[in-house]
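Input: a single structure, listed below in structure tokens.
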Ligand code: FAD
Ligand code: NAI
């Protein structure tokens with residue numbers, strides 16, 4: 001009997017879940033009409049469609065402002081799974097969410113311009129925007145005036161001015177980068193297999209070098225080695241002895257933000273996987289076929305080494321975008337900032353009024369991560385919703401005090417007075433929004449061979465764990481964090497597809 005009940009319960013739960021899924025899909029596919037923007041309200045311009053800006057837009061009551069979004073990317077990208085797109089484990093569209101879908105779900109209409117902000121003119125309170133896409137109309141650059149501005153343009157790739165990096169290496173920040181890497185991996189493999197290729201050239205072409213031992217470099221190296229072990233060497237066994245992944249890092253160890261125990265675990269897993277880690281090796285120059293690196297020897301002496309490569313992926317962190325640098329130059333209070341816009345505890349850009357910054361372009365006490373950016377975006381949404389509510393209540397209070405002065409009877413006056421007290425209480429409650437406080441949930445990184453490392457905040461302590469169970473946790477955590485049900489379904493299907501049929505090794 002217990003079994004029968006368990007069976008029924010499973011069925012009912014499955015049916016319930018299927019119902020919820022069906023309803024959420026129906027809801028998404030049938031958006032209701034939106035309120036048109038009210039020109040008397042303030043214009044809030046949001047730059048970017050990344051973690052910070054989209055998290056703000058998700059929680060913002062758009063009926064309170066005329067909201068305008070400007071970004072060269074008309075989609076949100078779930079960056080934590082981007083390294084998996086470089087090998088075709090996940091298809092890039094599975095981790096993209098069209099910004100039009102996101103904005104269409106809002107109560108009031110939001111304008112979106114697919115363009116790059118080229119300059120923020122603080123004096124004139126306008127943003128200059130430029131359509132950088134292939135198709136251009138008669139007008140491809142213009143100005144957008146703002147009353148309030150949120151800068152969420154992220155960061156660009158740091159190259160530290162090292163010669164040859166931009167020309168010869170691939171970055172790993174955007175969808176195009178992941179597609180380029182995927183194409184180049186296969187190009188290197190097929191070129192190495194070209195008739196009469198010399199032994200040295202085969203070795204060079206199959207040497208995949210990753211520069212930067214932060215989480216981006218480590219995750220990519222792990223994914224690439226998985227690709228080789230699980231697919232490439234099965235389909236093209238000739239490359240077996242020459243395909244090699246090397247991770248180059250200037251510091252004495254990789255993943256500096258993780259605990260010593262997890263760094264050691266990562267390094268030993270890489271050893272098992274046969275990924276070479278070259279620490280204390282700083283790249284100084286890049287040419288089309290090799291990198292030149294300064295190696296610090298155990299006795300402290302330095303030697304210059306030339307390392308040939310077929311594919312070079314450059315993952316050495318973030319640099320400030322030109323539009324942000326330009327704004328910093330306009331504001332005296334930003335004179336001493338180097339790594340981005342200095343903001344106060346409410347994320348207001350220091351030295352400005354009505355300009356806020358979120359995510360990688362803002363300098364706070366926290367690391368530039370998706371976790372920080374999305375919490376900052378959600379904080380700003382709360383702040384703006386509160387500001388709008390405050391204004392509504394203050395206007396109402398003004399009306400009530402006018403009513404009170406013209407009240408005809410004592411009873412009427414008392415009634416108005418009661419309402420005023422109630423509204424004042426409401427105003428105090430609403431105004432109680434404290435400064436931004438980040439709550440760290442932990443750090444997670446995939447290291448290949450179906451293993452991950454995690455430094456998780458748990459109650460008031462930290463749990464450091466690595467291995468296959470952590471990998472299952474990593475997968476379920478990232479699946480649940482995907483932007484939409486659609487993304488979750490697509491990512492899960494990609495994982496199943498790769499498990500059943502392997503990754504697709506065709507070069508597009
Ligand atoms: P972004 O998400 O980069 O968004 C910036 C937006 O601004 C984009 O829409 C861009 O098109 C737009 N933009 C750029 N220039 C302009 C302009 N001039 N005008 C208007 N718009 C502009 N963090 C984690 O916490 N966990 C992870 O697992 C993780 N994995 C990562 C994996 C990879 C491969 C990478 C590259 C990063 C990863 N991160 C992770 C870091 C995380 O992605 C960033 O910290 C996060 O994206 C920052 O959010 P953001 O909104 O500041 O910028
Ligand atoms: P990073 O800044 O974390 O690491 C870059 C690494 O490159 C550093 O260790 C640095 O010493 C090294 N480096 C710099 N110049 C070098 C040179 N010339 N030669 C050799 N090595 C050099 O950058 P990353 O990995 O791109 O990450 C950027 C941000 O995104 C970080 O805040 C990170 O935490 C976050 N992120 C988080 C992930 C996660 O939580 N799983 C995944 C990817 C990124």
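Bear in mind these aren't lab numbers, they're just calculated from the coordinates by the rules spelled out. This structure is a prediction, so every number in the text was calculated from the model and none was measured. Ideal geometry is used to build each Cβ from the backbone, glycine not excepted, and the neighbour counts take in all protein chains shown.
Roughly what would the spin-label model give for residue 138 and residue 457, points 7 Å off Cα along C-beta, in nm?
5.4 nm
What does the helix-only formula give at 222 nm for the chain: each DSSP H stretch with n ≥ 4 adding -39500 (n - 2.57), the total divided by the residues, and the result rounded to the nearest 500 deg cm²/dmol?
For the chain, the value works out to -13000 deg cm²/dmol.
Cut-off is 10 Å between beta-carbons; in what order do 230, 422 appear when sorted fewest neighbours first?
422, 230
Put a dot 7 Å past each Cα toward the Cβ at residue 294 and residue 11; how far apart are the dots in nm?
Here the answer is 7.2 nm between the modelled labels.
How high is the FRET efficiency between residue 506 and residue 413 when r is their beta carbon distance and R₀ equals 60 Å, given to the nearest 0.05?
0.15
Each label point is 7 Å from the Cα along the Cα-to-Cβ direction; what then is the distance between the points at residue 61 and residue 176, in nm?
4.0 nm
Would you mind calculating the gained length between residue 35 and residue 422 on full extension (0.36 nm times residue separation, minus the Cα-Cα distance), in nm to one decimal?
136.4 nm
With all distinct Cα pairs included, what does the Kirkwood hydrodynamic radius of the stretch 293-371 come out to in Å, to one decimal, could you say?
Across the stretch 293-371, the inverse of the average 1/r is 15.5 Å.
What's the whole-number percent of alpha carbon pairs in the stretch 291-439 lying beyond 20 angstrom?
68 percent
What FRET efficiency do you get for residue 73 and residue 229 if R0 is 51 Å and r is their Cβ-Cβ distance, rounded to the nearest 0.05?
The computed FRET efficiency comes out at 0.95.
Extent of the stretch 117-252 along each principal axis, from alpha carbon coordinates, in Å, largest to smallest?
Here the spans come out as 62, 43, 30 Å, largest first.
For the stretch 331-419, what is the convex hull volume of its Cα atoms per residue in Å³?
Per residue, the Cα convex hull of the stretch 331-419 comes to 110 Å³.
Considering only the chain, what is the antiparallel percent among its DSSP beta bridges, to the nearest 5?
Here the antiparallel bridges make up roughly 55 percent for the chain.
What's the whole-number percent of alpha carbon pairs in the stretch 389-430 lying beyond 11 angstrom?
60 percent
Using alpha carbons only, how many degrees (0 to 90, rounded to 10) separate the axis of helix 215-227 from the longest principal axis of the chain?
The two axes meet at around 50 degrees.
Assuming R0 = 41 Å, what is the FRET efficiency of residue 195 and residue 302, from their Cβ-Cβ distance, to the nearest 0.05?
0.50
Given 0.36 nm per residue, what is the gain on full extension from residue 326 to residue 3 after removing their alpha carbon distance, in nm?
109.5 nm
Quick one: angle between helix 485-501 and the longest Cα principal axis of the chain, in degrees between 0 and 90, rounded to 10, please.
Once rounded, one gets 10 degrees.
Under 11 Å from a point 7 Å along the Cα-to-Cβ line of residue 481: which residues of the stretch 344-383 have their amide N that close?
Hits in the stretch 344-383 for residue 481 at 11 Å: 369-375.
I'd like to compare 344-352, 390-398, 376-384: which one has the highest average count of other Cβ atoms within 10 Å, and what's the full order after that?
For the peptides 344-352, 390-398, 376-384, the packing ranking is 376-384, 344-352, 390-398.
What's the long-distance tail for the chain, i.e. % of Cα pairs beyond 44 Å?
Percentage above 44 Å: 25.
Relative to the longest principal axis of the chain, what angle (0 to 90°, nearest 10) does the C-alpha long axis of helix 2-29 take?
70 degrees
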